[in-house]
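Below you'll find the structure, written out as structure tokens, and then a few comments.
The values are calculated or read from the model by the stated rules, or taken from the named source; none is laboratory data. What you see is a predicted model; the values in this text were computed from it and never measured. Every residue, glycine among them, receives a Cβ derived from its backbone with ideal geometry; neighbour counts consider all protein chains shown. Calculation scope for accessible area: heavy atoms of the full protein, side chains included, ligands and nucleic acids excluded. Shrake-Rupley method; radii C 1.70, N 1.55, O 1.52, S 1.80 Å.
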Amino acid sequence: MTEEIAQVEFRNVSLSRNDRLLVSNLNFSIQRGEALVLLGRSGSGKTTTMKLINRLLVPTQGEIIFDGIPTTEWNEIQLRRKIGYVIQEIGLFPHLTVERNVGLVPSLQGWKPKQIKSRVCELLHLVGLEPEKFAQRYPHELSGGQKQRVGVARALAADPPVLLMDEPFGALDPITRLELQREFLKLQQELRKTVVFVTHDIQEAFILASRIGLMHKGELVVLETPKEFMRSQNSEVLSFLQCLKSFTL
Ligand SMILES: Nc1ncnc2c1ncn2[C@@H]1O[C@H](COP(=O)(O)OP(=O)(O)O)[C@@H](O)[C@H]1O
Ligand SMILES: [Mg+2]
């Protein structure tokens, strides 16, 4: 029996800029199909860690192995095709309809128009937007939550095995946010993608994570299942757990 290779593996990864370490000594693996949530204060290195995966950033030390091959040896375009990317600001093109935004990557990959149309339709259904109603709208004709759904659909368009989501629900009102978190869970059970999800919200981490990685000052200080995370005595974990408690009056 062959041992399954991790989807992503960080080996002694550090990144410095102007003599300052943005992240240091990252050593961890992300297994296929897991939802790893990177939690941490603002500035703790979450986005940096994520951008190292799709090679928007390159480590100054160590290496990141994607599907068994160092990211530096991957053809950049082929690597990015395997990785969907969803960010808070969404990055939808304002002058393109929902249909064209979602179908962008497949069309760049040379899919036939008919194929693209049916894929877009399928994806809009998947993220809970009726195609008849939304396909021809422009981004400014959507609410924040709807735009975010389009962003998720677009990231899924070419069916990448890995999804990177950087505070995708950060700008939404709490009710829409909870709704999208629930749908994300449902989607994840259906599609079984490998997901790396960044948040500074511990409640969100508990809802979505199969494991929580806590970042502090550029280091990954704890990496545990939610259950184990609750029991950790790490001081940064305790600070975060206090945020949960402060909700109970
Ligand atoms: N391009 C950059 N050049 C220099 N410093 C950066 C750059 N991007 C981020 N940083 C710094 O790196 C640290 C980690 O940033 P980031 O990964 O964006 O944190 P987070 O996503 O957890 O809020 C911060 O101190 C930030 O100021
Ligand atoms: Mg960030």
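Structure notes:
- Taking region 46-56 as the range and being open to solvent by less than 30 Å² (accessible area, probe 1.4 Å) and not β-branched (Val, Ile, Thr) as the test, the residues that pass are Lys46, Met50, Leu52, Asn54.
- Within region 18-45, no residue satisfies the criterion of being charged (D, E, K, R) and open to solvent by less than 10 Å² (accessible area, probe 1.4 Å).
- Any chance Asp67 is within 20 Å of the chain's Cα centre (by Cα), more than 20 Å from Leu187 (Cβ to Cβ) and acidic (Asp, Glu): yes
- Condition broken by Leu187, with the remaining ones in (1) open to solvent by less than 50 Å² (accessible area, probe 1.4 Å); (2) in contact (Cβ under 8 Å) with a residue 60 or more places away in the chain; (3) touching a strand residue (DSSP E or B) at 6+ places or on another chain (Cβ under 9 Å) satisfied: (3)
- All positions within region 33-51 that are in contact with a Leu (Cβ under 7 Å, 6 or more places away or on another chain) and within 12 Å of ligand 1 (Cβ to nearest atom): Leu39, Gly40, Gly45, Lys46, Thr48, Thr49, Met50, Lys51
- Against the numbered list (1) out of contact with any Leu (no Cβ under 9 Å at 6 or more places or on another chain); (2) at pLDDT 90 or above, Ala171 comes up short only at (2).
- Hey, Leu126 closer than 24 Å to Gly33 by Cβ, of a type in the set (A, V, I, L, M) and within 17 Å of the chain's Cα centre (by Cα) or not: no
- For Lys51, the conditions (1) modelled with pLDDT of 95 or more; (2) more than 23 Å from Gln88 (Cβ to Cβ) are fulfilled apart from (2).
- Just one residue in the set Ile64, Ile30 is β-branched (Val, Ile, Thr), more than 8 Å from ligand 1 (Cβ to nearest atom) and closer than 23 Å to Asp201 by Cα; that residue is Ile30.
- Scanning region 74-113 for residues that are part of a helix (DSSP H, G or I), aliphatic (A, V, I, L, M) and open to solvent by less than 30 Å² (accessible area, probe 1.4 Å) turns up Leu79, Val98, Val102.
- Test: residue in region 208-230 that is within 30 Å of Trp111 (Cα to Cα) and of a type outside the set (A, V, I, L, M): no
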